[in-house]
Amino acid sequence: MKVKVARIGKPHGIRGEVTVQLFTDEPDLRFAPGARLSVEPSTDAAAAIVRGGEVEVSKSRWNKNILVVGFVQVTDRNAAEALRGSELFVDGDSNDDDADDAWYEHELLEMDVVVDDPQRRRIGTVTGLRTLPHQDLLQVTLDADDREIDVPFVQEIVAEIDEETNTVVLTPPPGLLELGAEDPTGEAADAPEDTR
């Protein structure tokens, strides 16, 4: 079984490096120099670059929260641009105990987001997953005002993911859903003032 680990983003610099959108909890392992990844090319031009259907990592490094990767087969910016949108896969490990707990962005997109209360009140839709070195963030667009908020992808907040009902159940801490909201004056909402 093939497991998607990343989607190639825009070129970085002129020597063929690319940014990648991660779908793996082990980016430093998956993108270690010498690692080989299967490629699902996004275009005919990309397919011509990755004859044989795979690439080999030559180097990788973090640029703030973005992973920048170089491949043996990609040596200039034009080739890097041609690969944009291509997806990278590894062979799934059936012995990986964590595999059942791992979620990838494509599995979560467009899921309904509800609050864990008796009414299971819908508050929005999953619109993305940011995979960061220290903690993943679930991106949720709220129905009320189309605001996008980042929800820490931890058990205490993301209580349940139900594939059968296509639902993500949140137990949000106080204030999480109000982050970035505007009051009627158009200014971002702050914490309530002490009126004593």
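Some values worked out for this structure:
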{"item": "Filter pass, Val5 being within 28 Å of Gln135 (Cβ to Cβ), assigned to a strand (DSSP E or B) and open to solvent by less than 30 Å² (accessible area, probe 1.4 Å)", "result": "yes"}
{"item": "Candidate set from region 143-196 (those that are assigned to a strand (DSSP E or B) and not aliphatic (A, V, I, L, M)); member that is modelled with the lowest pLDDT", "result": "Glu182"}
{"item": "Candidates Glu87, Glu54, Glu40 - the one that is touching a residue at least 12 places away in the same chain (Cβ under 8 Å) and farther than 12 Å from Val5 by Cβ", "result": "Glu54"}
{"item": "Scope region 154-179; condition without any contact (Cβ under 8 Å) to a residue 40 or more places away in the chain, open to solvent by less than 60 Å² (accessible area, probe 1.4 Å) and within 15 Å of Leu108 (Cα to Cα); matching residues", "result": "Val154, Val158, Asp162"}
{"item": "Pairs where the first residue, in region 108-132, is free of Cβ contacts under 8 Å to residues at least 24 places away in the same chain and the second is among the small types (Gly, Ala, Ser) and not in a loop (DSSP other than H, G, I, E, B), C-beta under 9 Å, 6+ apart", "result": "Leu109/Gly128"}
{"item": "Residue count for region 132-142, restricted to those that are open to solvent by less than 20 Å² (accessible area, probe 1.4 Å) and in a loop (DSSP other than H, G, I, E, B)", "result": "0"}
{"item": "Residue that is surrounded by the fewest Cβ atoms within 10 Å (Cβ to Cβ), among those in region 18-59 that are in contact with a Pro (Cβ under 7 Å, 6 or more places away or on another chain) and closer than 23 Å to Glu105 by Cβ", "result": "Val57"}
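The values are calculated or read from the model by the stated rules, or taken from the named source; none is laboratory data. Everything numeric in this text was worked out from a predicted model, so none of it was measured. Neighbour counts run over all protein chains shown; Cβ positions are idealised from the backbone, glycine included. Surface accessibility is based on the protein's heavy atoms, side chains included, excluding ligands, DNA and RNA. Shrake-Rupley method; radii C 1.70, N 1.55, O 1.52, S 1.80 Å.
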